[in-house]
Every structure is written in structure tokens, then in C-alpha cells.
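As C-alpha cells, the structure follows; a few thoughts come after it.
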Amino acid sequence: MAIAGVSRVTGRAQAAASALDDGVTAVIVEEAGEGWLAALAGAVETGRLMVPRVSLEGVTAEQVTVWARSALAALEAPLRYALMADLLDLVERVCELGGIRRVLVRAFTEAPTGRCGFHVDTVAPQAPPFGALRVYNGACTEYVEPEDVEDVRRFYAYLSRRERLARGGGEVPAVMDACPDFVRAGAAIRAVPPGAVVFFRHLDVRRHWSEHPARAAWIHRSPMAGGPRLVVNVSPAERRRRPG
């Protein structure tokens, strides 16, 4: 069901069709029956699986496989294979959706710090706009419905102020995160369901900081607190290679 630019589906096979709608900002895939996620959460939360923050730039699915074999070596084989299969599925679906072979994969196991406020992800000019995000355990990604954005100019003013404070080592006022002034009065800040996959619209980097429609990119943030989480973000890293 589409709600103000965010579409919710029950399987990844439906995500591509939903993402082709120009009015869709994000497709949230709610999946059930993945019993291995509980075991993975235990491995992350106890520190048995630790993935230092990494950016794999311009990699193929085969190169992601090589990285994952090493990065996930601490996990027992059934759990490792389940997670590797899921990671590769995310990569392959982003590639198929965008008609590409190479992606940027960012991954880490860390607790939220409040460092990352509301923002949009960007891609290079002429790169396909949809990437994927999965938070495998713990506190979930938060987002704002496009229809609840009061004004994109206000959003970028908020982003500029918050980035200056965070980079300068200053304290970000709690009200900036609790009640962002670019969000329509009375609107709720929403959260992605636990374990869900999100295929979401990125913004052409040339439009960043410009007055574009709120639906042009998914405005989201990390949670402000919580325990260690495994987070994987897959973005297009090249122009479309084939018709899609």
C-alpha cells in the first residue's frame, strides 16, 4: 500500500515494481519467518560478530562474497551462509533494479550515537536512484513521510545547522532531533519495522541542497540510542549499463 511516497510490500519480488513508480520514495519490505535473525542479533549484541565500519566502493557481487567470507568468519556456518545469501540478494536486487554491475556497500556493527541526523543519500549523476538498507537487529531507522515535510528549504537549513554542530564537536540541542522544524506540526517521525529491508530513492548529487520535491529522496536517520546493530547499505556505483 502506498502512503505519501512510502510503499509497503510483503516480499522483495514486489519491491522492483513498486520502485518503478516515480511517486514512490521508499519501498519497505516486511518479511517473516527468518529464524536466523534472532541468532544473528545475539552474535551482534554480545560482540561475537564485529564488523568495523567499511565502505566497499565500486564492487561486484563476487567481490562482496569474498569480503563477506572473511568479515563473517566468526559466525557458525549455517548463520554465516544465511547472512551471506541475504547480503548478496540485496546487492543483486539493487543491480537488477538499476541495470548495473557495481555498487557501494557500507556495513558496520555499532551502537547508535546520535551522530547521524536526518539526511538523504546521494548518487553520482546519471546513476540509478534506488539503493537498499537493512538493519538486522536493534533500534530501527527512522524517517519522515514526504507529505509531512513542511518545506525542503527548511530541511536543508536543519541539515546544515546540525552538521555544523556535530562536526564542530558541539552538542546538538535535543529539540532538533525530537521536534525537527522542517516536519509538519503534529506529524509523527516513523520507524522502519524490525528486520525490514528498505529499497529507497537516492538523490542525484547535483540536486543536493536544492529546492527539489520532498518525494525526490528518502529523508531518514539513524536512531538516537540503542545497542549494537548490524547495518548494511547498498548504493548504485555506476551509470545504468542495460535497459531496465
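The values are calculated or read from the model by the stated rules, or taken from the named source; none is laboratory data. All figures in this text were calculated on a predicted structure; none of them were measured in a lab. Note that each Cβ is placed from the backbone with ideal geometry, even for glycine, and that neighbours are counted across all protein chains shown. SASA here: full protein model, heavy atoms, side chains in, ligands and nucleic acids out. Shrake-Rupley method; radii C 1.70, N 1.55, O 1.52, S 1.80 Å.
On the principal axes of its alpha-carbon atoms, the chain has extents of 49, 44, 33 Å, going from largest to smallest.
Legend: calculated FRET efficiency, D21 to A157, from the Cβ-Cβ distance at R0 = 22 Å, rounded to 0.05, equals 0.15.
How big is the dipole moment of region 32-121 about its Cα centre under a simple scheme where the beta carbon of each Lys and Arg is +1, that of each Asp and Glu is -1, and everything else is neutral? Debye, nearest 20, please. Write down the numbers at each step before the final one.
Numbers: 9 positive and 11 negative charges, 53 e Å.
Using Cβ point charges on Lys, Arg, Asp and Glu, region 32-121 gives about 260 debye.
Separation between the E92 and E150 pseudo-spin-labels, each 7 Å from Cα along Cα→Cβ, expressed in nm? Going from the E92 label point to the E150 one covers 4.6 nm.
Rolling a 1.4 Å probe over the protein heavy atoms gives region 63-141 an accessible area of 39 Å² per residue.
Please work out how much length the chain gains when fully extended from W209 to W67, using 0.36 nm per residue of separation minus the C-alpha to C-alpha distance, in nm with one decimal.
That pair, W209 and W67, stretches by 47.7 nm at full extension.
Placing dummy labels 7 Å off each Cα toward the beta-carbon, the span from Q126 to E57 is 2.0 nm. Modelled spin-label separation between R101 and L165, with each label point placed 7 Å from Cα along the Cα-to-Cβ direction: 4.6 nm. Using the Cβ-Cβ distance between E31 and R184 with R0 set to 25 Å, the FRET efficiency from 1/(1 + (r/R0)^6) comes to roughly 0.25.
For region 34-98, the pair-distance distribution built from all alpha carbon pairs, in bins 5 Å wide starting at 0, is 3, 15, 27, 25, 17, 10, 2, 0 percent.
Amide H contacts of H220 (H built 1.01 Å from N, in plane; Pro and chain starts excluded): H119 sit under 5 Å, all sequence-distant by 5 or more or on other chains.
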